[in-house]
């Protein structure tokens, strides 16, 4: 039996169709006009003890909803979840003892109190013995330098420091499973790297199973061997991270701001690139936000420097940014058969 | 139990962080006591006792009543509705905690804080500034116990209003209404003896009077027949148990909204 067993899991929400305006708002009071949103729609997977699994997808894919069902907050509308052979929402309090959860956008720490007080409260909640507590705090201190933050009020911590504290706090009671929901959201590169290192080390030291939801491919690349990609409540891919990486790791999006941009510019760019690198180079050109044109390339086929060079010499460019491929593009390419 | 006491300790410490809040409450209460003193003084101008209560007893009742009011005002309704609306409740539901007990013990911490910085100074003000003697007796000894029960009963009303946030987005109006109902019907502002006899007998059947009237009577008339005190405490215990159980059932029902409709 695997540690986490999810079979044909579904969660449907009924959402009231809201009408416009004040009159509409009044009519909504008596409206029975609901539509069903399938946030999770038939997902299955098994996760073994000690794994780190990346659970990824674009915004609104159903990642957090799945996590909330696995942690026993939400009741599934269909299918089954078994964690350690128990149904999470049936015996929530017992199940809670074996898991740790971090919701990236919220904190489990006490806002008004010094950091160490939150750890002391968690120690009591999970009935951690003083000896284990001291051991763990020593370990966290080595990893994060937690001691320096002990006396600081949580509200005065930076987002990155708070996240480090939140993650270590979720490991305090030595849970079998830790759910990390968007732990690196809104953080800059250096702190992201630090957080990844810590997650990795805690996983190795404790053999803790970690489920990581994110929409940053970099997190998954750095941490897990296995990745589950979902979109619109359905599973698109479940397998080796290397394969996903091999396909998308080499993709880069070159964002350029073209001087005197007009309707013809996109086509001109497309034609120029096709002329230079051949028509089958999988280069896509699109405008996703005002003033910026995205050129997505596969570095394995076309060197970034050459594309940049080509664009710079043939067009008048105001500004350039290079970013990793967005989750939405990955999903689109999977739909188009990239991983088939 | 120990794990919940950690929350009591935590919220007590939060109270210490915001130390100026209680000071302002104390100043506000002092002004209120001054007004109440002269108001009741003029009411008692022509007679020593009204409705079997002396001026001393009535003023003591009103003064301690105002201190108890601050003591019981732990904003549980605001806190709970905020946690529900912002989805913070999810964080607690992933922990091995019973939500109601957790909130109860958290608000207990605030109450203990107020007890220290408001109730005890108010008692000192009453005896030292207004020179009103506090009578002692059996009731004085039972007062802390009665106050604790009053705290639980008051908590249940607040908690109930807070949970309504699962259904309504805002509990502002409900919370204000609750406040007014309790203040008016519990004998918090005016001792129940001053109400018309018919109304009095109805109010004694409702739970509100067990929040203010019961503990305050123990303190202002502490030398009554012990039998009376015992029956007062029994009424309090019954209401505390019934209301705690009812709000608990209501939470189990309301949380399904979250479980089914999402956080």
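In this label model, residue B:32 and residue B:200 are separated by 2.5 nm, measuring between points 7 Å along each Cα→Cβ vector. Against chain B, whose longest principal axis is taken from its Cα atoms, helix B:226-261 shows a tilt of about 20°.
In degrees from 0 to 90, rounded to the nearest 10, what is the angle of the helix B:76-85 Cα long axis to the longest principal axis of chain B? Helix B:76-85 sits at roughly 20 degrees to that axis. Shape class for chain B: prolate, because the ratio a/c of the largest to smallest gyration tensor axis (alpha-carbon atoms, square roots of eigenvalues) is 1.5 or more and a/b beats b/c. Protection proxy ranking of B:83-90, B:72-79, A:10-17, B:196-203, by the mean of other Cβ atoms within 10 Å over each peptide's residues and highest first, is B:72-79, B:83-90, A:10-17, B:196-203.
Cβ-Cβ distance of residue B:23 and residue A:245, R₀ of 51 Å, FRET efficiency by 1/(1 + (r/R0)^6): the value works out to about 0.30.
Taking every DSSP helix (H) stretch of at least 4 residues in chain B, weighting each as -39,500 (n - 2.57) and dividing the sum by the residue count yields a mean residue ellipticity at 222 nm of -24000 deg cm²/dmol. Shielding by partners for peptide A:123-131, expressed as the average number of C-beta atoms from other protein chains within 10 Å of each residue's C-beta, is 3.
Given a Förster distance of 56 Å, report the FRET efficiency between residue A:20 and residue A:82 from their Cβ-Cβ distance, rounded to the nearest 0.05. Present the calculation step by step, with values, prior to reporting the outcome.
Details: r = 45 Å, r/R0 = 0.80.
Approximately 0.80, to the nearest 0.05.
Estimated from helical segments only, the mean residue ellipticity of chain A at 222 nm is -11500 deg cm²/dmol, where each DSSP H run of four or more residues counts as -39500 (n - 2.57).
Each residue in B:9, A:35, A:155 was given a count of other beta-carbon atoms within 10 angstrom of its own, and listing them fewest first yields A:35, A:155, B:9. Across chain A, Cα pairs under 8 Å and at least six residues apart give a relative contact order of 19 percent.
Here segment B:1-68 and segment A:246-312 have alpha carbon centers that stand 73 Å from each other.
The long axis of helix A:130-144 is offset from the longest Cα principal axis of chain A by roughly 20 degrees.
On average, how many beta carbons from a partner chain sit within 10 Å of the beta carbon of a residue in B:11-23?
Details: counts 3, 0, 5, 5, 1, 2, 4, 1, 0, 0, 0, 0, 0.
Going residue by residue through B:11-23 and averaging, the value is 2.
Which order do the peptides B:21-34, A:162-175 take when ranked by the mean count of other beta-carbon atoms within 10 Å per residue, highest first? Don't skip to the end; give the middle numbers.
Details: B:21-34: 14.2, A:162-175: 21.8.
Highest mean packing first, the order is A:162-175, B:21-34.
How would A:240, A:85 line up from fewest to most surrounding beta-carbon atoms within 10 angstrom?
Numbers: A:240 13, A:85 9.
Fewest-to-most Cβ neighbours within 10 Å comes out as A:85, A:240.
Figure the gain on full extension for residue A:265 and residue A:150 (residue separation times 0.36 nm, minus the Cα-Cα span) and round it to one decimal in nm. Present the calculation step by step, with values, prior to reporting the outcome.
On the way: separation 115, 0.36 × 115 = 41.40 nm, distance 5.55 nm.
Here the answer is 35.9 nm.
Peptide B:94-103 has a mean of 5 when you count, residue by residue, the C-beta atoms of other protein chains within 10 Å of its C-beta.
If you take every DSSP beta bridge fully contained in chain A, what fraction is antiparallel? Give it as a percent rounded to 5. Let's see the in-between values first.
Details: 42 of 61 bridges.
Taking every DSSP beta bridge with both residues in chain A, the antiparallel ones total about 70 percent.
All of the numbers you see were taken from the coordinates with simple rules; none came from a lab. The model shown is predicted, which means the values in this text are computed figures rather than measured ones. Every residue, glycine as well, gets a Cβ built from its backbone with ideal geometry; the counts of neighbours run over all protein chains shown.
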